[in-house]
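Data block below; observations after.
The values are calculated or read from the model by the stated rules, or taken from the named source; none is laboratory data. Everything quoted here is computed from the prediction, not taken from an experiment. Here the Cβ positions follow ideal geometry from the backbone for every residue, glycine too, while neighbour counts run over all protein chains shown.
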């Protein structure tokens with residue numbers, strides 16, 4: 001079952017500079033900062049006091065999907081993430097409803113066990129499904 | 001003070017068809033559907049059970065900013081919204097920090113008293129600030 005909006009993710013050129021800006025504007029602080037080489041990004045999550053988090057991602061190399069996104073569109077909102085109790089079950093249910101999956105099985109991401117849906121199945125929005133699990 | 005992610009908004013060509021899709025995929029139902037002629041959109045908000053909402057917007061006419069967004073980028077994530085206790089105060093604080101405002105004063109929107117920040121001040125992300133008020 002989909003429970004809540006877990007985070008909104010913004011693709012940026014410079015993670016450290018952007019973290020400083022977002023901290024100063026919205027009073028948020030990163031709870032996690034991590035390199036995710038398999039996703040080609042360095043990423044940070046900043047929880048808001050009453051729900052939801054802002055994620056910032058910076059590409060690790062020019063081949064990263066995020067580098068291509070930045071080249072094509074510039075900095076901006078990249079995806080948003082919906083939290084569930086069970087990512088694998090949710091992906092399975094969504095595939096049964098005809099959604100094209102980018103990830104057929106849950107994998108480790110910054111937000112837990114995650115899987116992405118193809119935007120062509122969701123009116124152009126890149127949506128991540130995430131299940132929080134201990135690090 | 002910024003409290004939480006209030007909603008994520010997706011611009012679509014056909015609101016009714018998209019509401020049906022999102023309802024079927026994520027088990028959400030619209031709590032509000034409204035024409036906002038001054039913003040040039042018909043919009044719907046769909047709350048998730050444990051926090052955050054998904055908003056869908058459809059342009060009312062070809063001159064609407066949303067129509068231009070769709071023409072340029074196609075359907076997809078349009079903005080996200082951060083909830084505060086006092087939109088006017090928040091806009092004032094953000095302007096003092098050097099943020100360029102699209103709305104200098106709060107105005108009525110679907111999510112309450114709202115104001116938009118210019119994406120050039122927020123790493124390309126279009127961000128709305130909203131204060132919930134009775135309809």
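Looking only at residues that are more than 14 Å from residue A:54 (Cα to Cα) and within 12 Å of chain A (Cβ to nearest Cβ) in the stretch B:112-123, which one is surrounded by the most Cβ atoms within 10 Å (Cβ to Cβ)? Walk me through it before giving the result.
Within the stretch B:112-123, the subset more than 14 Å from residue A:54 (Cα to Cα) is B:112-121.
When the remaining residues are screened for being within 12 Å of chain A (Cβ to nearest Cβ), the result is B:117, B:119-121.
Numbers: B:117: 24, B:119: 18, B:120: 10, B:121: 19.
If we take residues in the stretch B:112-123 being more than 14 Å from residue A:54 (Cα to Cα) and within 12 Å of chain A (Cβ to nearest Cβ), then B:117 is surrounded by the most Cβ atoms within 10 Å (Cβ to Cβ).
With crowded, with 20+ Cβ neighbours inside 10 Å and over 24 Å from residue A:54 (Cβ atoms) as the only criterion, which of B:63, B:71, B:58, B:17 stands out?
B:58
Identify, please: which residue in the stretch B:25-71 is within 13 Å of the chain's Cα centre (by Cα) and in a loop (DSSP other than H, G, I, E, B) and is, among those, farthest from the other protein chains (Cβ to nearest Cβ)?
B:40
Among the residues of the stretch B:74-91, count how many are outside any loop (DSSP other than H, G, I, E, B) and either more than 8 Å from chain A (Cβ to nearest Cβ) or without any contact (Cβ under 8 Å) to a residue 12 or more places away in the chain (or both).
Residues that pass the stated criteria total 8.
For residue A:103, indicate whether it is touching a helix residue (DSSP H, G or I) at 6+ places or on another chain (Cβ under 8 Å), more than 29 Å from residue B:120 (Cα to Cα) and surrounded by 14 or more Cβ atoms within 10 Å (Cβ to Cβ).
Considered against the rule, which asks whether it is touching a helix residue (DSSP H, G or I) at 6+ places or on another chain (Cβ under 8 Å), more than 29 Å from residue B:120 (Cα to Cα) and surrounded by 14 or more Cβ atoms within 10 Å (Cβ to Cβ), residue A:103 comes out as yes.
Need the failing condition index for residue B:17 against (1) touching a strand residue (DSSP E or B) at 6+ places or on another chain (Cβ under 9 Å); (2) not in a strand (DSSP E or B), just the number.
(1)
Of everything in the stretch A:1-14, what is out of contact with any helix residue (DSSP H, G or I) (no Cβ under 9 Å at 6 or more places or on another chain), surrounded by fewer than 20 Cβ atoms within 10 Å (Cβ to Cβ) and more than 7 Å from chain B (Cβ to nearest Cβ)? Give them in sequence order.
Once the filter is applied, which keeps residues that are out of contact with any helix residue (DSSP H, G or I) (no Cβ under 9 Å at 6 or more places or on another chain), surrounded by fewer than 20 Cβ atoms within 10 Å (Cβ to Cβ) and more than 7 Å from chain B (Cβ to nearest Cβ), the stretch A:1-14 yields only A:14.
Test residue A:79 against the criterion of being under 12 Å from the mean Cα position of the chain (by Cα) and modelled with pLDDT of 95 or more, and give yes or no.
yes
Would you confirm, using the coordinates I've provided, whether residue A:98 is more than 13 Å from chain B (Cβ to nearest Cβ), at positive phi and either surrounded by fewer than 21 Cβ atoms within 10 Å (Cβ to Cβ) or at pLDDT 95 or above (or both)?
No, not satisfied.
Which one of these does residue A:84 not meet: (1) out of contact with any helix residue (DSSP H, G or I) (no Cβ under 6 Å at 6 or more places or on another chain); (2) crowded, with 21+ Cβ neighbours inside 10 Å?
Just one mismatch for residue A:84, condition (1).
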